[in-house]
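See structure below.
The values are calculated or read from the model by the stated rules, or taken from the named source; none is laboratory data. Quick caveat: nothing in here was measured; it's all calculated off a predicted structure. Every residue, glycine as well, gets a Cβ built from its backbone with ideal geometry; the counts of neighbours run over all protein chains shown.
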Amino acid sequence: MENVKLAVIYYSSTGTNYQMAQWAADGAKEAGADVKVLKVPETAPQAAIDSNPAWKAHVEETAAVPEVTLADLEWADAIIFSIPTRFGNVPGQVKQFLDTTGGLWFNGKLANKVVSAMTSAQNAHGGQEQTLLSLYTTMHHWGALVASPGYTDPVIFSSGGNPYGTSVTVDQNGKMVEDVEATVKHQAKRTVTVAGWVKQGNQ
Ligand SMILES: Cc1cc2nc3c(=O)[nH]c(=O)nc-3n(C[C@H](O)[C@H](O)[C@H](O)COP(=O)(O)O)c2cc1C
């Protein structure tokens with residue numbers, strides 16, 4: 001999908017969603033998209049980060065990843081979010097960022113973005129689907145076009161079968177339980193393909 005600009009926007013405390021964002025970027029690049037991987041700014045107090053060695057290490061390892069800005073949202077034709085489940089909802093860091101998009105929304109700059117989302121949780125039924133739907137609520141208000149994967153490829157059945165977006169379970173050691181790499185890449189390709197159709201139709 002030449003010319004499709006994709007922002008992969010992630011939040012991650014301990015690396016899972018960072019890895020999923022990288023796979024999404026790889027899948028979209030294979031499909032020919034122009035891709036940026038961007039992190040949602042951290043808002044937690046440093047003391048909270050320091051209290052969890054895995055969180056602290058991840059923040060340090062990803063210090064060089066650019067933080068998402070409103071200009072990135074305006075630039076993108078397509079957006080893939082990758083965010084962990086927090087009590088069946090989006091992390092506060094993500095909500096904080098979404099709540100800065102009012103000006104873009106007011107000026108119609110978020111309408112017709114093609115979006116999809118991915119998530120992770122510690123439990124197999126710990127709220128993954130609800131987290132994706134919570135995020136998609138905001139996408140509907142944006143006037144974005146949600147390109148959920150549905151069951152558009154057999155690979156989706158091999159990794160938990162979540163039609164709302166790829167989701168993965170993370171064990172006590174922070175390791176992914178299901179192998180979702182191919183599913184993430186399929187979702188990324190589908191998102192930029194749909195964005196290409198929308199873009200072409202607009203020209
Ligand atoms: C405040 C908080 C709330 C969480 N809520 C849930 C939950 O409702 N269900 C669940 O299965 N896991 C929950 N988790 C576990 C996270 O979803 C898990 O650590 C995350 O998916 C790992 O992603 P990351 O490595 O990208 O940070 C919670 C974690 C935190 C810190």
Point to revise | In segment 143-155, the residues that are in contact (Cβ under 8 Å) with a residue 40 or more places away in the chain and polar (S, T, N, Q) | key: none
Point to revise | Per-region count, segment 175-190, residues out of contact with any helix residue (DSSP H, G or I) (no Cβ under 6 Å at 6 or more places or on another chain) and not polar (S, T, N, Q) | key: 5
Study note, to complete from the structure: The number of residues in segment 155-203 that are aromatic (Phe, Trp, Tyr) and assigned to a loop (DSSP other than H, G, I, E, B) is 1
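Please indicate, with yes or no, whether at least one residue in segment 131-147 is more than 16 Å from the ligand (Cβ to nearest atom) and under 28 Å from Lys175 (Cβ atoms).
yes
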Point to revise | Residue match in segment 37-55 (condition: under 23 Å from Lys185 (Cβ atoms), buried (at least 16 other Cβ atoms within 10 Å of the Cβ) and more than 12 Å from the ligand (Cβ to nearest atom)) | key: yes
Practice item. From the list Met139, Met118, pick out the single residue that is aliphatic (A, V, I, L, M) and in a strand (DSSP E or B). Key: Met118
Review point. Can you tell me how many residues in segment 65-94 are more than 14 Å from the ligand (Cβ to nearest atom) and assigned to a loop (DSSP other than H, G, I, E, B)?
Key: 5
Practice item. Just name the residue that is farthest from Ile83 (Cα to Cα) out of those in segment 1-24 that are β-branched (Val, Ile, Thr) and more than 7 Å from the ligand (Cβ to nearest atom). Key: Val4
**Study point:** Verdict on Glu178 being of a type outside the set (Ser, Thr, Tyr), within 16 Å of the ligand (Cβ to nearest atom) and closer than 18 Å to Ala24 by Cα
**Key:** yes
Exercise for review: Sort out which residues of segment 104-142 are free of Cβ contacts under 8 Å to residues at least 40 places away in the same chain and surrounded by 13 or more Cβ atoms within 10 Å (Cβ to Cβ), and write them in order of number.
Suggested key: Leu104, Trp105, Lys109, Leu110, Glu129, Leu132, Leu133, Tyr136, Met139
**Study point:** Selection within segment 149-184 - among the hydroxyl-bearing types (Ser, Thr, Tyr), at pLDDT 95 or above and surrounded by fewer than 16 Cβ atoms within 10 Å (Cβ to Cβ)
**Key:** Tyr151, Thr152
Check your understanding: So is Met1 hydrophobic (A, V, I, L, M, F, W, C) and at pLDDT below 95 or not?
Key -> yes
